[in-house]
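Presented below is the structure to which this report refers.
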Amino acid sequence: MEYRVKFDQGMINRGNWKKIKECMKKAERGEDITTGFLGGSITQGSLSSTPQTCYAYLVYEWWKKKFPESEITFVNAGIGGTTSQFGVSRVKEHLLSYQPDFVLIEFAVNDENTEFFEETYEGLVRTTLSDACRPAVMLMNNVRYDDGLNAEEMHLKVAKAYALPMVSMKETIWPEIESGRIKNREITPDDLHPNDAGHALVAKVITTFLEKIYEDRNNEEEAAFAEGTLPAPITENAYEHSVRYQNHNSEPVLAGFVADLEPQDNILEIFRRGWTGSHVGDKITFEIEGTGIAVQYRKSVKQPTPIAKVTVDGREDTAMVLDGNFKETWGDCLYIDTVTRHMEPGIHKVEIEIVEATEQDAVPFYLVSVIGSC
């Protein structure tokens, strides 16, 4: 079905095109390039009928068709239900390790439109731009199709500060939904995840912008800032240097917790490389460097599940309960709780202890990771 979406309105921030033009010229010369996509469930391809009908793959196909002489690699680093806070802690391992030439970042419907996510998003952008592979970066904002909400306001601040191209589904697809010219169920079964028709529209918004850059690729453009440098942060920037501690890269003190040594075959096997605790008093203790601490754990639909408590530097006044019981029914959730922010820099003691457990527990408490940020 043809929709009268005003795709040209998707370019909400032109940004600087130099890096993307260089990437296109590299592909035009027949050199190999890698295209990478980082985001949540929409990027992962949730509710598309096949991996090949996801918007990310459709954008990758645009690159392949545009530059047939180039060997183009596709890396999809989307993980459902995740935010830019998790994204900044995993982007090096899950995406930048592939040395991508072009990166597209999408977290607008998982991030909230708050200053906290402005800061985590900026940290993700800075980490990506400063990587040794120096990728060309494009930002995008998906949107909820029932109320038009997303984190575009905060994300756009970052796009402008770093002169990055940004596209918006809120300015293109959402007006057609709001007006009734497109019925929600034509493009999304749940008002969040696109179906194949919705993914095709999302991809078209992105590739329309890429077409503009392609048509202008031979016009020289000065870089927005010198190679190897970044503008001053617009937030406190306490997330640019985030490290995710799991059992393969840390040695916490275990007192009842047990390491999960099952191999992780791909990034979508999210409950791997962690630790489990089953009994009241089971404890795991980390020494984490940074100014902020977050904890990732499993919220399970299999109940009851043990409940834990996390304390930092022994401070009970900032202790947080980690309830492994999930109130939703769609499946187990990789949950992240921010325990502390903007502490004094240094080494901090993080203790996680099981405080509630029964013999009837269906599954143990699963600690996926502790994230230290600064």
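The values are calculated or read from the model by the stated rules, or taken from the named source; none is laboratory data. Quick caveat, the model's predicted, so the values are computed rather than measured. Heads up, the Cβs are rebuilt from the backbone with ideal geometry, glycines too, and the neighbour counts pull from every protein chain shown. All accessible areas refer to the heavy atoms of the entire protein, side chains included, with ligands and DNA or RNA removed. Shrake-Rupley method; radii C 1.70, N 1.55, O 1.52, S 1.80 Å.
Note that segment 133-286 shows a convex hull volume over its alpha carbon atoms of 219 Å³ per residue. Our coupling estimate for segment 107-113, obtained by passing each phi through the Karplus curve with A = 6.51, B = -1.76, C = 1.60 and θ = phi - 60°, is 9, 6, 9, 9, 5, 8, 7 Hz, Gly and Pro reported as x.
Taking only protein heavy atoms and a 1.4 Å probe, the accessible area of segment 286-361 is 46% carbon and sulfur.
Once the convex hull of all Cα atoms in segment 199-289 is built, its volume per residue stands at 244 Å³.
Shape index of segment 1-121: Rg/Rh, with Rg the Cα radius of gyration and Rh the Kirkwood radius from the inverse mean 1/r over Cα pairs, equals 0.98. Helix 196-215 and the longest principal axis of the Cα set of the chain meet at an angle near 60°. The Cα center of segment 179-200 and the Cα center of segment 270-299 differ in position by 38 Å. Taking 4 °C and 1.567 mPa s as the conditions, I'd like the Stokes-Einstein D for segment 85-141 in µm²/s, using the Kirkwood hydrodynamic radius from alpha carbon pairs. Using the Kirkwood radius from Cα pairs, D works out to 112 µm²/s.
Surface calculation, 1.4 Å probe, protein heavy atoms: C133 sits at approximately 30 Å² accessible.
Once the convex hull of all Cα atoms in segment 77-184 is built, its volume per residue stands at 99 Å³. When the Cα atoms of the chain are aligned to their principal axes, the ranges along those axes come out at 63, 46, 35 Å in descending order.
Extension gain, N325-E269: 0.36 nm per intervening residue step, less the Cα-Cα distance, totals 18.2 nm. Have a look at the DSSP beta bridges in the chain and tell me what percent are antiparallel, nearest 5. Here the antiparallel bridges make up roughly 65 percent for the chain. Quick one: in segment 280-322, what % of C-alpha pairs are over 14 Å apart? Counting pairs separated by more than 14 Å, the tail of P(r) holds 57 percent.
In this view, the solvent-accessible surface of R217, computed with a 1.4 Å probe and all protein chains in place, comes to about 40 Å². With a simple spin-label model that places each label point 7 Å from the Cα along the Cα-to-Cβ direction, the separation between S97 and H342 comes to 3.4 nm.
So what's the angle, to the nearest 10 degrees on a 0 to 90 scale, between helix 55-66 and the longest Cα principal axis of the chain? That works out to roughly 40 degrees. The slack in the chain from V280 to K66, taken as 0.36 nm per residue of separation less the alpha-carbon distance, amounts to 71.1 nm. For segment 296-310, 3J(HN,Hα) computed residue by residue from phi via the Karplus equation (6.51, -1.76, 1.60; θ = phi - 60°) reads 9, 8, 8, 9, 10, 7, 8, 10, x, 10, x, 10, 10, 9, 10 Hz, glycine and proline entered as x.
Taking the three principal axes of the alpha carbon atoms in segment 279-360, the coordinate ranges are 40, 26, 19 Å, sorted in descending order. T358 to N184: FRET efficiency via 1/(1 + (r/R0)^6), r the Cβ-Cβ distance, R0 51 Å, to the nearest 0.05? Once the sixth-power term is evaluated, E becomes 0.75.
Accessible surface area normalised per residue over the chain is 44 Å², counting heavy atoms of protein chains with a 1.4 Å rolling probe.
Note on T338: accessible area is roughly 40 Å² with a 1.4 Å probe, heavy atoms of protein only.
Taking a point 7 Å out from the Cα of R217 in the direction of its Cβ, the residues of segment 71-112 whose backbone N falls within less than 16 Å of it are 71-73, 101-103.
Figure note: M320, M24 ranked by solvent-accessible area, largest first, 1.4 Å probe, ligands and nucleic acids not counted: M320, M24. Computed on protein heavy atoms with a 1.4 Å probe, the accessible areas place Y55, Y245, Y60 in the order Y245, Y60, Y55, largest first.
GNM remark for the chain: springs join alpha carbons under 10 Å apart, and the peak mean-square fluctuation among N76, N247, N237 falls on N247. Remark: segment 135-179 projects, on average over all directions, an area of 3.2 nm² (convex hull of Cα atoms).
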